[in-house]
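Notes follow once the structure below has been shown.
Bear in mind that the values in this text are calculations on the coordinates, not laboratory data. As the structure is a computational prediction, the values presented were derived from the model and not from experiment. Don't worry about glycine lacking a Cβ; one is built from the backbone with ideal geometry, like all the others, and counts go over all protein chains shown.
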Amino acid sequence: MQSLEEALAALTPERLRELILQMANEQPPDERAGVDVSSIISRLMGAYGIGPGPERSRAYIRLVEALKANVAQIEGMTYVKSKD
């Protein structure tokens, strides 16, 4: 299990791009234009071994911010905030 700081340091635009493309390809063809942020964060938390508890909510917030920052550096990808 990685610490949150290690997980954030490992999250590069290149790795995130690969993950997003992989997750998009797992979706039905007509839904591949985007991947839900919560799905990406959930996948990252699982990969980094971030379990339940108060640490999880703090990690979620930090990972969302890291995701936004990294997506901004990926050509052809845009972070779109939900309407909720």
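Key figures
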| read-out | value |
| --- | --- |
| In the chain, GluC sites (Glu not before Pro) in a DSSP loop with at most 13 other beta-carbon atoms within 10 Å | 26, 75 |
| Loop chymotrypsin sites (Phe, Trp or Tyr not before Pro), the chain, which have at most 16 other Cβ atoms in a 10 Å radius of their Cβ (DSSP) | 79 |
| Using alpha-carbon coordinates, inclination of helix 37-48 to the longest axis of the chain, degrees | 50 |
| Karplus-derived HN-Hα couplings along segment 50-58 (A = 6.51, B = -1.76, C = 1.60, θ = phi - 60°), whole Hz, x at Gly and Pro | 8, x, x, x, x, 4, 5, 5, 5 |
| Exposed-site-free run, longest, the chain (rule: trypsin sites (Lys or Arg not before Pro); DSSP loop; at most 16 other C-beta within 10 Å) | 33-80 |
| The chain: calculated mean residue ellipticity at 222 nm from DSSP helix runs of at least 4, using -39500 (n - 2.57) | -18500 deg cm²/dmol |
| With Cα atoms, 0 to 90° folded angle of helix 13-25 axis to the chain main axis | 60 |
